[in-house]
Every structure is written in C-alpha cells, then in structure tokens.
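Reviewing the structure listed below.
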C-alpha cells in the first residue's frame with residue numbers, strides 16, 4: 001500500500017481515520033470525507049482504499065448494516081452504522097468504498113410509532129429521550145430543562161421531525177455529539193478565539209444570495225376583539241393586525257406577507273425574526289484549512305462555535321459561526337478541513353407560541369432591529 005506522508009504542521013501524527021467494526025480496527029484509508037452539520041442530526045462518512053488490503057490481501061469483512069465507530073485518531077466523530085459497501089475489480093487493481101451515518105440517522109428515516117404518542121405536560125428532556133430511545137440514540141440536554149404542554153405525534157411523522165418540532169417551541173437545536181447521540185442546545189455560541197485570514201487558509205469563498213430576502217415583511221396576526229359583537233365579518237376584520245419589519249439592504253420593492261396565529265408583540269417579533277434570519281442566511285462562507293485542528297494539540301474543529309474572519313480581499317471581516325465541518329483526506333491535498341460559516345443570526349430561534357401556555361414562546365429577538373448586539377451586517 002502506498003505510504004502517504006501528508007501530515008501538516010498543526011496535525012497530530014495519529015490523526016488517521018480508524019473504523020471500528022465487530023471489535024476490529026480498519027485503517028490505512030487512502031481517501032475519506034467525514035461531514036457534520038448543525039442542520040443535520042446525523043453525521044456521515046465516506047471511506048476508500050485501493051490496491052491491496054493490509055493483512056494478506058483478503059477482502060475486509062465489512063457489511064451494510066454493521067454497527068461501527070469512526071475516530072480521527074483517538075477522537076470519536078461518529079457512532080452508527082455502515083450504509084453501503086462497494087467492492088470493485090478492474091484488471092489487477094481493486095478498491096473498497098464504505099459509507100455510513102450516525103445512529104441518529106434512524107430518527108431521520110423512520111416513523112415514530114411507539115407509546116406514549118402524546119404528552120399533556122412533559123419536560124423537553126423527557127419527550128426528546130422518549131423519541132430517541134427506540135432507536136438506541138442518547139440525548140444530552142446542555143441547557144436548562146423546560147416544560148411543554150399537549151405535545152402530540154402527528155400520523156406518519158418521523159421521530160426527528162417530531163423532535164425538531166418540539167425543540168422549535170423552545171428555540172433549541174439538536175446537534176450530533178460524535179458518539180451517535182444528540183446534544184440539545186441553544187443559540188448561545190462559544191467563541192474559539194481564532195481568526196481565519198487569507199494567509200492562514202488554503203482558500204476562502206463567500207456566496208451572497210438575495211433570493212430569499214425581501215424589502216419588507218408584513219405579518220398578519222389574529223387577536224380577539226371585545227368590540228366586534230356577534231357579526232362574523234366585523235369580528236374578523238377587527239381581530240386582524242398587521243406588523244412589519246424592513247430590510248434596509250434590499251433596495252427594490254420586494255414585500256412578503258406572512259400569516260401568523262399570534263398578534264401584537266408576537267407578530268412584531270415574528271416580523272423582526274423573518275428579516276434577521278433571512279438576512280443571516282443570505283451569506284454562506286466556505287473556508288478550507290490544512291489539518292483538522294485550529295491549533296496543534298487543540299480539539300478538532302467543532303460545530304456551533306464562533307470564529308473571526310479577516311478576508312478584506314472578498315469583503316469579509318467579522319465574526320461567523322461554524323455551521324458545518326468536513327474532514328477530508330485526498331491524494332494531492334492531504335489532510336484538510338472545510339468549514340461552512342454562517343452569520344450567527346441565521347440561527348436565531350423562531351418565535352412560536354405554544355398553545356395557551358404562558359411559557360411556550362420559544363423564540364425571542366434582542367430589542368432594536370432584531371439583530372444580535374455586535375452582529376456585523378454584510379451587504
């Protein structure tokens with residue numbers, strides 16, 4: 001097997017992909033990609049090897065459906081299952097490609113059909129753990145627990161769709177924890193104290209897309225009116241309210257009307273949220289760096305953390321959120337990490353009213369223009 005010595009200066013010599021299956025370790029992979037994202041509860045991997053297999057050249061006994069653990073050196077990244085195994089022969093050469101996902105993939109793929117399927121009152125932790133338990137997925141709550149009322153599984157709903165709907169009520173997110181489970185947290189992100197610059201990165205790209213941005217957001221809400229009397233038409237007209245927020249960076253006329261069940265302060269908050277989050281999601285940055293760690297000896301790049309970026313050559317200066325990481329080994333480029341960066345306000349919790357429960361409003365925006373204090377506005 002070819003010996004690839006492409007370890008960058010900030011890389012641990014032991015940072016190689018190691019696949020553990022049935023108490024056996026498979027390593028020596030010549031290429032791999034390992035992906036984790038804040039927008040997906042399950043990480044994924046693709047591993048490849050060619051020429052001969054270590055240990056006599058016999059095909060490795062890897063099968064689809066095998067439970068597996070994937071480490072980068074000694075650090076666990078995934079704990080789940082092999083989805084597919086592909087062997088290929090071509091003349092005197094042969095190759096093996098293996099793909100898989102975290103255990104949380106079953107929450108995404110499968111319907112929740114267990115009991116209970118309705119909670120009149122329950123803690124977020126209690127319901128989340130009940131949804132995940134049949135699939136062998138652990139859940140860790142990294143924020144203070146809270147209670148929801150009258151939460152019911154919808155027919156045919158996947159376990160993850162139900163979990164996402166539950167967390168949305170409280171402005172929370174679920175991220176892969178590296179061990180096959182999920183960590184539930186909020187949009188309060190830790191700063192790594194790292195600044196990415198044009199000199200320290202292999203490449204930096206930024207995409208600005210205004211497709212989903214609008215000049216003004218009008219939120220039509222409903223509220224009861226004591227003066228409406230018994231006439232339905234009069235009552236309907238009297239109970240409708242319209243609140244709005246504007247995006248000053250959208251210069252041409254582009255209105256968007258949103259229908260909301262709430263009114264008053266809730267509708268105003270929803271209008272601000274629409275403007276802030278859509279502006280946040282309009283920017284996506286990809287940074288490619290050498291190695292898998294911010295600094296030698298530090299943990300590997302982590303989701304949900306903030307980094308500084310200094311790239312005036314493409315108009316980027318500020319603080320961004322790591323919303324995705326991709327660890328790669330490819331012939332020619334060696335060990336690299338692709339960081340997907342987003343504005344932190346792209347992950348502001350949506351303001352939602354949970355029935356009539358006074359504690360049910362899950363979202364919330366800072367006062368003022370709806371953007372977090374200190375957020376850099378790119379236009």
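The values are calculated or read from the model by the stated rules, or taken from the named source; none is laboratory data. Fair warning: this is a prediction, and the values are worked out from it, not measured in the lab. Cβ atoms come from the backbone with ideal geometry, glycine included; neighbour counts cover every protein chain shown.
Look at the range 59-85: where a residue is more than 15 Å from residue 177 (Cα to Cα) and a partner is buried (at least 16 other Cβ atoms within 10 Å of the Cβ) and at pLDDT below 90, sitting 6+ places away or on another chain with Cβ atoms under 8 Å, you get 59/53; 60/53; 73/12; 73/15; 73/16. Restricting 188, 147 to those that are over 17 Å from the mean Cα position of the chain (by Cα) and farther than 20 Å from residue 76 by Cα reduces the list to 147. In this structure, does residue 147 turn out to be surrounded by 13 or more Cβ atoms within 10 Å (Cβ to Cβ) and modelled with pLDDT under 95? Here the answer is yes, as residue 147 does meet what is asked. For the range 151-180, which positions are touching a residue at least 60 places away in the same chain (Cβ under 8 Å) and more than 17 Å from residue 112 (Cα to Cα)? Correct list: 168, 169, 170, 171, 172, 173, 174, 175, 176, 178, 179, 180.
Sort through 132, 142, 128 and tell me the only one that's outside the structural domain of residue 301 (by TED's automatic domain parsing) and exposed (fewer than 15 other Cβ atoms within 10 Å of the Cβ). Working first, answer last.
Values: 132 fails: exposed (fewer than 15 other Cβ atoms within 10 Å of the Cβ); 128 fails: exposed (fewer than 15 other Cβ atoms within 10 Å of the Cβ).
Just a single option satisfies the conditions, and that option is 142.
Among the residues of the range 59-97, the ones that are touching a strand residue (DSSP E or B) at 6+ places or on another chain (Cβ under 8 Å) and assigned to a strand (DSSP E or B) come to 24 in all. Report, by residue number, each residue of the range 220-258 that is surrounded by fewer than 14 Cβ atoms within 10 Å (Cβ to Cβ), in contact with a strand residue (DSSP E or B) (Cβ under 9 Å, 6 or more places away or on another chain) and at pLDDT below 55. Scanning the range 220-258 gives a single hit, 236. Against the condition modelled with pLDDT of 70 or more, surrounded by 14 or more Cβ atoms within 10 Å (Cβ to Cβ) and assigned to a strand (DSSP E or B), how does residue 193 come out, does it pass? Here the answer is no, as residue 193 does not meet what is asked.
For the range 278-286, the count of residues that are under 17 Å from residue 248 (Cβ atoms), over 20 Å from the mean Cα position of the chain (by Cα), modelled with pLDDT under 95 and buried (at least 23 other Cβ atoms within 10 Å of the Cβ) is zero.
Evaluation of residue 162 against the conditions (1) touching a strand residue (DSSP E or B) at 6+ places or on another chain (Cβ under 8 Å); (2) under 30 Å from residue 78 (Cα atoms); (3) at pLDDT 85 or above; (4) surrounded by 12 or more Cβ atoms within 10 Å (Cβ to Cβ) shows that the sole unmet condition is (1). For residue 106, all conditions in the list (1) touching a strand residue (DSSP E or B) at 6+ places or on another chain (Cβ under 7 Å); (2) under 23 Å from residue 77 (Cβ atoms) hold save one; what is the number of the exception? Result: residue 106 fails condition (1) only.
Pick from the range 259-275 the residues that are within 22 Å of residue 342 (Cβ to Cβ) and touching a strand residue (DSSP E or B) at 6+ places or on another chain (Cβ under 8 Å): which of them is modelled with the lowest pLDDT?
Let us first name the residues in the range 259-275 that are within 22 Å of residue 342 (Cβ to Cβ), namely 269-275.
Next, only the ones that are touching a strand residue (DSSP E or B) at 6+ places or on another chain (Cβ under 8 Å) stay: 270-272, 274-275.
Details: 270: 81, 271: 86, 272: 87, 274: 88, 275: 90.
Looking at the filtered set, the residue picked out is 270.
Considering only residues that are farther than 21 Å from residue 259 by Cα, in contact with a strand residue (DSSP E or B) (Cβ under 8 Å, 6 or more places away or on another chain) and in a loop (DSSP other than H, G, I, E, B), look in the range 324-374 and name the one that is modelled with the highest pLDDT. Here the residue is 343.
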